[in-house]
Structures are given as structure tokens and as C-alpha cells.
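Notes follow the structure.
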């Protein structure tokens with residue numbers, strides 16, 4: 001990753017070598033602190049901006065423009081990274097498309113929206129609010145994802161991490177064309193901007209055209225401060241829904257820091273704990289004890305949070321939770337077998353090395369480094385992983401503290417459990 005800026009202006013531009021790919025990938029995003037008061041507005045804004053801009057005055061015109069760029073793929077989306085909400089504009093186009101043309105398209109959809117009298121169309125707002133409301137309602141139907149979100153909310157109470165970047169249905173009513181346009185202006189005039197270009201090196205300087213668009217503004221805010229978890233006693237949360245299989249999640253705070261050696265230690269710990277089919281949780285709780293239908297552990301990006309999620313019969317919840325805690329204790333008591341440690345590190349290294357074969361993965365990883373204030377590149381990151389020792393894994397396991405145990409089960413099952 002190469003930064004086209006020597007200092008840190010509001011708009012930072014990065015180049016990734018995409019010589020071996022058939023397409024160029026352009027990503028522009030506004031890096032916004034997650035805030036309950038504005039999260040829904042930003043999520044709705046992403047949908048409204050898809051309706052057109054001055055150069056392409058409706059969704060059909062935008063589609064035609066993309067088709068004329070040899071079928072380029074574009075989108076405006078919301079992405080949550082740590083305690084940040086990213087309003088992201090993306091364009092992936094064949095290299096036959098002139099870079100200047102791609103830049104002009106991104107600039108048009110990002111900073112030249114359709115508005116009349118400093119307000120977005122109320123008709124568009126109404127339609128997009130209905131679409132977003134349906135999407136938020138549908139999100140609750142995916143019980144695995146819903147349980148993950150709820151466990152994160154409980155584990156990260158008091159921080160930006162608990163806020164849903166996709167917005168809240170109950171906040172939609174108060175948004176109109178004027179308030180949303182005012183919110184948009186604040187973002188464009190003051191928001192921190194990151195631009196990533198994965199393509200040919202000879203083209204990278206053309207991206208500096210974005211400097212003129214995003215000048216001045218407020219200083220970049222720190223991501224690290226937004227993700228410091230306050231001290232709290234472990235929380236035990238039970239909720240019910242219409243479902244057959246119960247979902248059990250445990251959230252641990254490892255105190256690992258993104259960009260530091262401790263983050264690599266947490267990644268290796270996760271791999272051994274529940275990160276793949278050879279892990280302790282999968283082999284012991286699922287295969288040996290038959291306590292769950294599925295089980296996996298995973299780190300939450302840019303934080304020291306480590307989660308375990310599993311599908312169980314509700315009557316096995318206590319046994320499963322106890323078993324998960326015991327497996328973590330084992331990692332903190334006994335040195336990991338050398339062969340298993342090397343296998344875990346090899347699997348991790350392979351996973352991250354594959355990033356270099358996919359432009360989207362390259363940009364995603366690089367964006368996390370920039371947001372986490374690391375910017376060290378892939379090789380130093382891999383070196384941290386290679387150097388993790390069995391003793392460090394043991395210490396990391398002992399550092400991990402339970403913050404939340406969350407159980408989502410069927411209503412009938414929960415009723416029977418209480419008898």
C-alpha cells in the first residue's frame with residue numbers, strides 16, 4: 001500500500017498494486033464516528049444517493065452510465081468497521097475504462113446529488129424509508145446474525161461499537177428531505193475521506209483529483225478511543241424469538257490492540273480455540289461431546305473482542321457455556337503443542353496471503369490498517385503472526401475475560417426451560 005499524501009489532510013489517497021488484475025477498483029468512503037443520533041440518517045442517505053445525481057438524474061441514467069463503462073459495477077453502501085460507520089462509494093471497471101472517466105463518475109455520485117431548494121425529494125425519501133424499514137425488519141429473521149449483533153451490543157455497551165451502522169427503524173420517522181440534506185452537507189464538507197485505488201501504478205497520480213473536492217474540514221478523529229471498553233461485570237442475557245434452534249454466544253475481552261503484537265496473539269489464540277475444524281471447540285464440544293450443531297470463534301475487527309457462537313438445544317446451554325469456558329482455561333494452563341501451533345499459524349498465514357489475490361480483500365485489509373492507524377502493510381502483519389509463541393498464546397488466553405453470555409431461544413423452549 002502506498003499513500004499519495006505525506007501528511008494527513010482530510011482526504012487521504014492510497015494506491016494498491018493491481019497490475020495482475022483485469023479490473024481497476026476504486027473505493028471512496030467517508031469515515032464517520034458511529035453515533036446513534038446520525039446512524040440512521042447516514043444509512044438512509046446511502047439509499048437516497050443511488051437515485052441519481054446532476055450528471056445522471058435518475059437510477060436508469062446511472063445504470064446506463066455504468067453499462068457504457070463496459071458493464072462496470074458500482075454501489076453506495078454502509079460498512080461498519082470498529083466504532084466507525086463508513087459511507088462507501090465503489091466502482092469496479094475494466095482497465096479499458098479511462099481512469100479519468102471512473103473518477104468523474106465517483107465524484108458525480110458522491111458530491112453532486114439531486115436536490116431542490118437544499119432538500120432531497122420527499123417522494124424519494126418516503127420510498128427509501130420504506131425500503132430501509134423492510135430491510136431492518138428482515139435482518140431480525142436471520143437469527144444467527146441477529147444474535148451476533150445483540151451480543152455485540154451487550155458486550156460493547158457504552159461505546160460506539162454497540163451502535164448498529166444499518167440504522168434503526170424507529171428513527172426513520174423524524175427524517176425528511178431537508179434534515180437529510182443538511183446531514184449530507186456536514187458529511188461532504190467536514191467528514192474524513194479515504195480513497196483507495198487498486199490498479200496500475202502509472203495511473204495512481206490521477207486520483208489526486210479528489211484533493212480539490214475535499215479540502216479543509218475537521219481533523220481526523222481517532223478510532224482507538226472509540227473502542228476502549230469500560231469495565232463491567234459479566235452480563236447474562238436471555239431473549240426469545242420464533243425459532244427452533246437456540247443460539248448461544250459468549251463475548252470475551254482480550255485487551256488485544258490492533259496493529260500491535262497482541263493482535264496477532266489473539267488471532268492465533270482464536271485459530272486454536274474455535275477458528276477452524278481442527279480447533280478445540282469444534283473437536284471437543286461438537287465432535288466429541290455432541291453439545292452443539294455448529295460452533296466457531298471469531299475476532300471482531302479492529303478490537304480486542306473475541307466471540308464464540310454456537311447452535312444448540314436450549315437444554316444444553318449451561319453445559320455448552322461451561323464447556324467453552326473450560327476449553328479456554330485449558331489454553332491458559334498448558335503450553336500449546338508445537339505442531340498444533342505451527343498448523344494454526346500456517347492456516348492463518350495462508351488466509352491472509354490470499355488477500356493479495358483479490359482486489360476487494362486488499363482494499364478491505366488496507367482500509368482496516370488505515371482506520372486502525374497501523375498502515376504497516378501485509379508483510380509486517382504476517383511477521384507478527386509467524387513470531388507468536390506458545391507462551392504468548394497461553395498469556396492471551398489468561399487475559400481473556402467474559403463480558404457477555406447471550407442466549408437466543410425459541411419461545412416454547414424457553415417456557416419449558418423455566419418449568
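What follows is calculated from the coordinates using simple rules that are stated; it is not laboratory data. Remember, it's a predicted structure, so these values are computed and weren't measured experimentally. Every residue, glycine among them, receives a Cβ derived from its backbone with ideal geometry; neighbour counts consider all protein chains shown.
Odds and ends about this structure:
- Computed FRET value (nearest 0.05) for residue 202 with residue 59, which takes r as the C-beta separation and R₀ as 35 Å: 0.55
- Taking label points 7 Å from Cα along the Cα-to-Cβ direction, residue 289 and residue 343 give a separation of 2.0 nm.
- Overall shape of segment 231-417 was characterised from the C-alpha gyration tensor. The equivalent ellipsoid obtained from it has semi-axes of 30, 19, 16 Å, in decreasing order.
- Centre separation in Å (Cα based) which lies between segment 340-399 and segment 62-120: 31
- Note on residue 3/residue 233: beta-carbon distance plugged into 1/(1 + (r/R0)^6) with R0 of 60 Å gives a FRET efficiency of 0.90.
- Computed [θ] at 222 nm, helices only, for the chain once each DSSP H run of length n ≥ 4 contributes -39500 (n - 2.57): -12500 deg cm²/dmol
- Candidates 290, 191, 52, ranked by Gaussian network fluctuation over the chain, Cα under 10 Å, top entry: 290
- Cα gyration tensor shape for segment 1-134, rounded if a/c is under 1.5, else prolate or oblate: oblate
- Computed from the alpha carbon positions, the gyration tensor of the chain leads to an equivalent ellipsoid with semi-axes of 39, 28, 18 Å, biggest first.
- Two-site FRET efficiency, residue 171 against residue 96, from Cβ-Cβ distance with R₀ of 41 Å, rounded to 0.05: 0.40
- 181, 293 arranged by Cβ crowding within 10 Å, fewest neighbours leading: 293, 181
- Rg and Dmax over the alpha-carbon atoms of segment 148-219 stand at 17.9, 48 Å.
- Cβ-based exposure ranking for 327, 233, 368, in which fewest neighbours within 10 Å come first: 233, 368, 327
- For q = 0.10, 0.11, 0.12, 0.22 Å⁻¹, Debye-computed log10 I/I(0) when each Cα of segment 147-267 counts as one equal scatterer: -0.59, -0.71, -0.82, -1.28
- Scattering from segment 2-225 was approximated by placing one identical point on each alpha carbon and applying the Debye formula without solvent; log10 I(q)/I(0) at 0.08, 0.09, 0.14, 0.18 1/Å stands at -0.30, -0.39, -0.95, -1.40.
- Cβ crowding within 10 Å, taken as a proxy for footprinting-reagent exposure, orders 394, 11 from fewest neighbours to most as 394, 11.
- Cα-based helix-to-principal-axis angle, 122-139 vs the chain, degrees rounded to 10: 20
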